[in-house]
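Please read the structure below before turning to the comments.
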Amino acid sequence: VQTPIAADKTDGIEVNVTETKDESVTFTLTPKEESAYYSYMVMQADEPTEVDADNLYKGAYKGGEGVVKIGSFKWTAKETSSTVTVSKLLPNTSYQIYAVAGSPMGIVGEVVVKSVTTSDGVNPVLTGSGYEDTVLQLSFSEAVTLAEGTATLRYFARQKAGINEDVAEGTYTVPADSISCEGKVVTFTFAGEVPAGAYYTLDYPAGMFVDSANNPVAELKSGFS
């Protein structure tokens, strides 16, 4: 068994995040001393996980679950560090940056990990709607949760009884327990509160729904014509 002498080993690598945006992260990789090559991997994950140094060095994690980018650089006296920008990421999402360096003799050092969370400066927007009887669903550009505010239904119906016609109209305040949020979809249920055959619209104030970074949804104002 041969044990490498100290001069054959690498002193590791530094990972410095220099810019974080909604959909990208920029970081610098700097081996602490002369190296042969150094490699990195970016994964979408809330917490770091164990990564094999040799496999990371060789780029063997390509195509793995959660992996968004991998890469490798050759160390030279003129290029002692490298800057990497990873794009097309998700806002307000945690990513793990793994890096490792190999000594001039090719001996791989320990894995260094850096956790980073993308920012989220974008407000969620309404992208679509659908309904069936007394269930209304709204879709948004990202996942939202119920915050503060009151949603109001306004309804209008013409109802015939024999030769007579009655007009039914009014408003209904949707209670919070009749509103559910599942990811990007918000469901309103109001069974028994609106006359059969009625047309209805929905209003809610700005900030009634927010994303995970507390960015508010804009006010919704509807009306009849």
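The values are calculated or read from the model by the stated rules, or taken from the named source; none is laboratory data. All values reported here derive from a predicted model rather than from experimental measurement. Virtual Cβ from ideal backbone geometry, glycine too; neighbours counted across all protein chains shown. Ligands, DNA and RNA are stripped out before the accessible areas are found, and what is left, the full protein with its side chains, is counted by its heavy atoms. Shrake-Rupley method; radii C 1.70, N 1.55, O 1.52, S 1.80 Å.
Assorted remarks:
- Dipole of the chain, positive direction: furthest Cα of Thr150, Pro205, Val108, with charges on the beta-carbon: Val108
- Over the range 114-156, Cα pairs under 8 Å with separation of 6+ residues give a relative contact order of 29 percent.
- Cα centroid separation, the range 15-60 to the range 164-222 (Å): 46
- Residues whose amide H comes within less than 5 Å of that of Met208, counting only those at least five positions distant or on another chain, are Val217 (H built at 1.01 Å from N in the peptide plane).
- Label-point gap, in nm, between Thr85 and Thr117 - each point 7 angstrom along Cα→Cβ: 2.5
- The gain in end-to-end length when the Ala206 to Cys181 segment is fully stretched comes to 7.4 nm, 0.36 nm per residue minus the alpha carbon separation.
- Across the protein chains, with a 1.4 Å probe defining accessible surface, the residues Asp52, Asp177, Asp22 rank Asp177, Asp52, Asp22 from largest area downward.
- The range 79-204: relative contact order in percent, alpha carbon pairs under 8 Å with at least 6 residues between: 21
- A Förster radius of 22 Å, combined with the Cβ-Cβ distance separating Glu148 from Ser222, puts the computed FRET efficiency at roughly 0.65.
- Sequence-separation-based contact order of the range 9-64, relative, with Cα cut under 8 Å and 6+ spacing, percent: 27
- In the context of the full set of protein chains, residues of the chain present 59 Å² of accessible surface per residue (probe radius 1.4 Å, heavy atoms only).
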